[in-house]
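Structure first, commentary second.
Computed from the coordinates by the stated procedures, all read-outs in this text should not be read as laboratory data. The structure presented is a predicted model; accordingly, all values stated were derived computationally and were not measured. Glycine gets a Cβ as well: all are built from the backbone with ideal geometry, and neighbour counts include every protein chain shown.
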Amino acid sequence: MKKFQKLLICILFLALSACGGGGGDSGTSNSGSSSPPAIGQASVLTDAQIISAIKATNSNWEGSNGHLSNGRPAGIWRWPNTPDQRIFVYLPAASNSVEQELVRKVNAAISTYNSKLSAYFVLEAVTVIPASGNVIRVGYNNSWIPPGSTDYNSYCANVSDVAGSGSLINPDSKNNIANPVYVNLGNNRCDVTQEIVNHEFAHALGFNVHFDFFGNTKSPDNFWDVLATLYGNPQSTLAENLVVKHAAK
């Protein structure tokens, strides 16, 4: 009888293991897959989860040339002088209905971000590129696709430091996000959802790689407190010294 009970337990364990989901998308960087799960109402992240996420996606990010190779100090990097200095979002004039829909979704993303995080930064849409300051430039149907790839849905949008490229954004020597930053939306072969647009703006604000609560399908997207903490602390703050902040509900 005991042997039979043990056999049943083993069968049940194997069945549950086989049903386990998870797994990320096709890339962990902001030039990889941009088809994230819908933003969900996940449980509130713990302070430890928030700090761990910042270390994974921002403060410990080594960049294309190696950690601190450009002489920048250790710690977090982001757009500077916020919220006093706004982060402008340049939207070129839309020339067709597809681009008009992308403009609508970008404006909706701006509204969502400002409703949750205006205590830390403010996004402002503009139709003329500012001569200076914090500027995110939006492009239409120019997302980066790896050479030879036909996986258009997985590369529906990305963020880069050159329009339409796959090169990641990086901090400068003062831990500012280095201008320019481009949000490349769509490739004429995929559906750019509102969730994708929201996701890409988080990359443009300093998330260089995905983490458990941002872009990985094993967990719902719940990154607002991570962004609040990133922008609620001075640049170059070490991860162990971060004061956890929270987005508006």
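Exposure proxy shown here: for Y90, Y152, Y182, the number of other Cβ atoms within 10 Å sets the order, fewest to most, as Y152, Y90, Y182. Close amide-amide hydrogen proximity is noted between R137 and Y90, V181, Y182, V183, each under 5 Å apart and 5 or more residues distant or on a separate chain (H modeled in the peptide plane; Pro and chain starts excluded). If you model the stretch 95-235 as an ellipsoid using its alpha carbon gyration tensor, with each semi-axis the square root of five times an eigenvalue, the axes come out at 23, 18, 16 Å, biggest first. Taking a straight Cα-Cα cut-off under 12 Å and skipping sequence neighbours fewer than 8 places away in the same chain, the aspartates and glutamates within cross-link reach of K55 are E240.
Taking other residues whose beta carbon is less than 10 angstrom from the beta carbon of C156, and scoring Lys, Arg as +1 and Asp, Glu as -1, yields -2.
Amide H to amide H distances under 5 Å link A157 with S34, G186, where only residues 5 or more positions off or on other chains count and H is placed in the peptide plane. Straight-distance candidates among the aspartates and glutamates for linking to K105, with alpha-carbon spacing under 15 Å and chain neighbours fewer than 8 residues away dropped: E124, D191, E195, E200.
Spin-label model, S132 to D84: label points 7 Å out along the Cα-to-beta-carbon direction sit 1.4 nm apart.
One decimal place: the segment V98-H246 gains 49.8 nm when fully extended, by the rule 0.36 nm per residue minus the C-alpha distance.
Put the Cα centre of the stretch 123-165 next to the Cα centre of the stretch 95-121 and the gap is 14 Å.
Tell me, what is the FRET efficiency for S118 and N176 to the nearest 0.05, using R0 = 22 angstrom and their Cβ-Cβ distance as r? Efficiency computed from Cβ-Cβ geometry: 0.60. Bridges between two residues of the stretch 122-249, per DSSP, are antiparallel at a rate of about 50%. Within the same chain, aspartates and glutamates fewer than 8 places from K245 are excluded, and of the rest, those with a Cα less than 16 Å from its Cα are D47, D225.
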